[in-house]
Amino acid sequence: MRISKYVDVSQNEAIMKGMANMKGLGQSIADKNLKIGIQQGADLKLIEQVCRKIAKGKEMPLIAEELEEDESTIKKIYDAAVNLAPDFNVEKVYNILHAK
């Protein structure tokens, strides 16, 4: 008995291609989310480092030099963090920076 007699094979092929495309799309979304998560983690780590150095009384240019980052990047973090002193909350600083 031939299955193709009872089932439209071309329709099944189209469904299989569609499923493969959906799998690829899902992987693409997962890859994008992974990249976003990695970047967010790196941002949080940098904010944490800046906050620690502010707590030690270091000024913004020295912090930028020690962390080997652009002063403009550190200035944004520094300005947001100083407004929360002495309670440096890394997530609050992150949210302030990403609300703009």
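When you check E71 against the structure, is it in contact with a Lys or Arg (Cβ under 9 Å, 6 or more places away or on another chain), surrounded by 11 or more Cβ atoms within 10 Å (Cβ to Cβ) and either at pLDDT below 95 or of a type in the set (D, E) (or both), yes or no?
Taking the combined requirement at face value, the residue does not satisfy it.
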Which residue pairs have Cβ atoms under 7 Å apart, sit 6 or more places apart or on different chains, and have a first residue in segment 77-100 that is under 11 Å from L44 (Cβ atoms) and a second that is surrounded by 10 or more Cβ atoms within 10 Å (Cβ to Cβ) and among the charged types (D, E, K, R)?
V90/E48; Y94/D43; L97/K76
Within segment 83-100, the count of residues that are closer than 10 Å to V50 by Cβ and not in a loop (DSSP other than H, G, I, E, B) comes to 2
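The values are calculated or read from the model by the stated rules, or taken from the named source; none is laboratory data. Computed from a predicted model, the values in this text were never measured in an experiment. Note that we place each Cβ from the backbone using ideal geometry, even for glycine, and neighbour counts take in every protein chain shown.
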